[in-house]
Each structure stands twice: as C-alpha cells, then as structure tokens.
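K.L.:
Pasting in a structure now, in structure tokens, and then I'll have a few things to ask.
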Amino acid sequence: MLKSREDVDARGQILIDPFLGRDPIGILCFGPSHFAAQFMKRDRSDEESVPQRVQAKNNTAAVNGYDAYFGTYNVDEVAGTLATHVEGSISPVNIGKTYVRDVRVVGNELLIQLNTTAVDGIAITRTNTFSRIG
C-alpha cells in the first residue's frame, strides 16, 4: 500500500500534484515477472477534474484523478533500479513505454524514487513509499 508520495523541487520545497492530490492512495503488486500499479486521488467526489494536458517527463499520465497500469518488470540489484515495461494503462500514452526508477528496501518498506517534472515543467524528485501488506 502507498504510505506516502512526496514531490520535492531543487530548493527542497514540497509540491502538490494537482492530478492525484496531497495524499493519494495506491497499491503496487509484483508477481514473478509482472506488476500492476494503481494510484488514486483520495477525494474524487468533485466532478471537476484537472485536465492533464502534457505528460510529465519520465512519468505516467493520470486520468481524472486515477492512474493505473501494468506490465512486466526487471530489477537490477547492483544498480538499485526497477524497470517497468507498460503493457496496459488507463491512459493510452503510457502503453509501450519503459520507466526506470531508483529503488531500495528499508525494513518492510519499498522506496521508489524518480526524477520527473511538475505541471509547470519544474524539475522534481518524486518519492513513493510503499508498505508491505500481507
């Protein structure tokens, strides 16, 4: 389960993703060769949605406060990276893309970090922290 999601710019300022909000919920599942990921804005009751006009650099595109995709993956334990190869997605622009992330395990948590951009194009570092369930 997604424990936290934090976007930080070069000055150390925390930014809020307008598509998924301050505190999204999410789940990331791994099988022997496949994965599935889902992220959702915690409160989607507001009928208005922020249109995602441009896909952020090195990141998937959400649709109406929801991002979901699946595919295959590879782990490079020496480099500390996870490469996900997207086969299916809620947003067609994600399909066929490969995303490489820095990963590390700390206790029962998986930290996934990536360099991407905010809505205005500012470079940010996103850290997703997942807690192991089950």
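K.L.:
Do you know which residues across the range 110-134 are within 16 Å of ALA37 (Cβ to Cβ) and modelled with pLDDT of 95 or more? Steps first, answer last, please.
P.N.:
At the first step, the residues of the range 110-134 found to be within 16 Å of ALA37 (Cβ to Cβ) are 110-114, 116, 126-133.
Result: LEU110, LEU111, ILE112, GLN113, LEU114, ARG126, THR127, ASN128, THR129, PHE130, SER131.
K.L.:
In the range 83-109, what residues are closer than 19 Å to HIS34 by Cα and either touching a Pro at 6+ places or on another chain (Cβ under 8 Å) or charged (D, E, K, R) (or both)?
P.N.:
Within the range 83-109, GLU87, LYS97, ARG101, ASP102, ARG104 meet the criteria.
K.L.:
What tally of residues in the range 68-79 results from selecting those that are in contact with a strand residue (DSSP E or B) (Cβ under 6 Å, 6 or more places away or on another chain) and among the small types (Gly, Ala, Ser)?
P.N.:
Counting residues in the range 68-79 that are in contact with a strand residue (DSSP E or B) (Cβ under 6 Å, 6 or more places away or on another chain) and among the small types (Gly, Ala, Ser) gives 2.
K.L.:
Then there is this: Restricting the range 106-134 to residues that are of a type in the set (A, V, I, L, M) and not in a strand (DSSP E or B), which is nearest to LEU28 (Cα to Cα)?
P.N.:
Once the filter is applied, the top-ranked residue is ILE133.
The values are calculated or read from the model by the stated rules, or taken from the named source; none is laboratory data. Predicted model, so just to flag it, every value in this text is computed and none were measured. Counting neighbours? That spans all protein chains shown, and the Cβs are built from the backbone with ideal geometry, glycine included.
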